[in-house]
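Visitor: Attaching a single structure in structure tokens format; questions to follow.
Just so it is clear, none of the values below were taken in a lab; they were calculated from the coordinates. Keep in mind the model is a prediction, meaning the values are calculated, not measured. For neighbour counting, all protein chains shown are included, and Cβ atoms are generated from backbone atoms with ideal geometry for every residue, glycine included.
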Amino acid sequence: MAIAVCPGSFDPVTHGHVDIIKRAAKMFDKVIVAVLVNMEKKPWFTIEERTELLRKATAGIDNVEIIGFNGLLVEFAREHGANVIVKGLRAVSDFEYEFQMALTNSKLNNEIETVFLTTSAENMYLSSSIVKQVGNFGGDISPFVPECVHDEIISRIRQRSEAK
Ligand code: PNS
């Protein structure tokens, strides 16, 4: 069985993430979405919240499982029997960072391949940071996030901005 891991911080999930997960699910028997810690980012949502939002946003896709994990991606992949990592690439600006991660992961475990999917044209500009920034200042985030998790995301963003 071909198992792929779709890793990310998903802080929070966007249409761009769901698009990549859906397309990966067509290519592999099983896709495990790994909600991980990116040490370079300060998350707004806990791993549990991010995992729950992703579960709701991908509920209609049969061969997708969402798991939160605090550790190395290659370790996660090994534990779950996955030898492919799938990541979305938006623009040239993503490339250097993604290339660095792919090479690091292959150095840590050379049996794991990283495959890049080109982001769909309509999601090219989209990121979790955009969602947080627009939501924080009272803007409409509905074009950017799945409808089923919109209210949860916006109330969490408001809660956070009120606490400041
Ligand atoms: O969505 P992101 O923030 O671009 O995803 C980055 C992520 C979470 C996949 C990356 O930071 C990661 O793999 N974190 C787990 C720790 C790890 O394995 N680091 C080594 C790879 S550089």
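Visitor: In the stretch 25-92, which trypsin sites (Lys or Arg not before Pro) fall in coil by DSSP and have 14 or fewer other Cβ atoms within 10 Å?
Guide: Passing sites in the stretch 25-92 are Lys41.
Visitor: Check each of the GluC sites (Glu not before Pro) in the stretch 68-164 and keep only those in coil by DSSP with at most 14 other C-beta atoms within 10 angstrom; list them in order.
Guide: Within the stretch 68-164, the qualifying GluC sites (Glu not before Pro) (loop, at most 14 other Cβ atoms within 10 Å) are Glu111.
Visitor: With θ set to phi - 60° and the Karplus curve 6.51 cos²θ - 1.76 cosθ + 1.60, what are the ³J(HN,Hα) couplings of the stretch 125-130 in order, to the nearest whole Hz, using x for Gly and Pro?
Guide: Per residue, the Karplus-derived 3J(HN,Hα) values read 8, 7, 8, 5, 5, 4 Hz.
Visitor: Sticking with this one: Using the Cα centre of the stretch 3-124 as origin and beta-carbon charges of +1 (Lys, Arg) and -1 (Asp, Glu), tell me which of Val84, Met124, Phe99 is placed farthest towards the positive end of the dipole.
Guide: Checking the options against the dipole of the stretch 3-124, the answer is Met124.
Visitor: In the chain, once you exclude exposed chymotrypsin sites (Phe, Trp or Tyr not before Pro) (DSSP loop, at most 15 other Cβ within 10 angstrom), what's the longest stretch remaining?
Guide: In short, 1-124.
Visitor: Specify the angular offset, from 0 to 90 degrees and rounded to the nearest 10, of the alpha carbon long axis of helix 15-27 from the longest principal axis of the alpha carbons in the chain.
Guide: Result, in degrees: 30.
Visitor: Would you mind checking the radius of gyration and Dmax of the chain based on alpha-carbon positions, in Å?
Guide: Here Rg and the maximum Cα pair distance are 15.4, 48 Å.
Visitor: Moving on to the next point. Find the lysine pairs in the stretch 1-133 meeting two conditions, Cα atoms under 22 Å apart and a separation of 8 or more places or different chains, and report how many there are.
Guide: Lysine pair count for the stretch 1-133: 15.
Visitor: Counting helices only, and only those DSSP H runs with n ≥ 4, report the 222 nm mean residue ellipticity of the chain as the sum of -39,500 (n - 2.57) divided by its residues, in deg cm²/dmol to the nearest 500.
Guide: -14000 deg cm²/dmol
Visitor: Rounded to whole Å and ordered largest first, report the semi-axes of the equivalent ellipsoid of the stretch 67-133 derived from its Cα gyration tensor (root of 5λ).
Guide: In descending order, the three semi-axes are 24, 14, 11 Å.
Visitor: Tabulate in residue order the Karplus-calculated ³J(HN,Hα) for the stretch 83-92, using 6.51 cos²θ - 1.76 cosθ + 1.60 with θ = phi - 60°, rounded to whole Hz; enter x for Gly and Pro.
Guide: 10, 10, 10, 10, 10, x, 10, 8, 8, 4
Visitor: Could you go through the stretch 49-62 in sequence order and give the Karplus-derived ³J(HN,Hα) for each residue, using 6.51 cos²θ - 1.76 cosθ + 1.60 with θ = phi - 60°, rounded to whole Hz, and x for Gly and Pro?
Guide: So the J values, rounded to whole Hz, are 5, 5, 5, 5, 4, 5, 4, 5, 5, 10, 4, x, 9, 4.
Visitor: When the chain is treated as a GNM, springs tying every alpha-carbon pair under 10 Å, which of Ala57, Ala102, Ala24 comes out with the largest mean-square fluctuation?
Guide: Highest fluctuation of the listed residues: Ala102.
Visitor: Whose amide H sits under 5 Å from the amide H of Val37, counting only residues 5 or more places off or on another chain, with H placed in the peptide plane?
Guide: Those lying under 5 Å, H to H, from Val37 are Gly71.
Visitor: Test of understanding: in a Gaussian network model of the chain with alpha carbons linked when under 10 Å, which of Met124, Met101, Met39 would top the mean-square fluctuation ranking?
Guide: Of Met124, Met101, Met39, the Gaussian network model singles out Met39 as fluctuating most.
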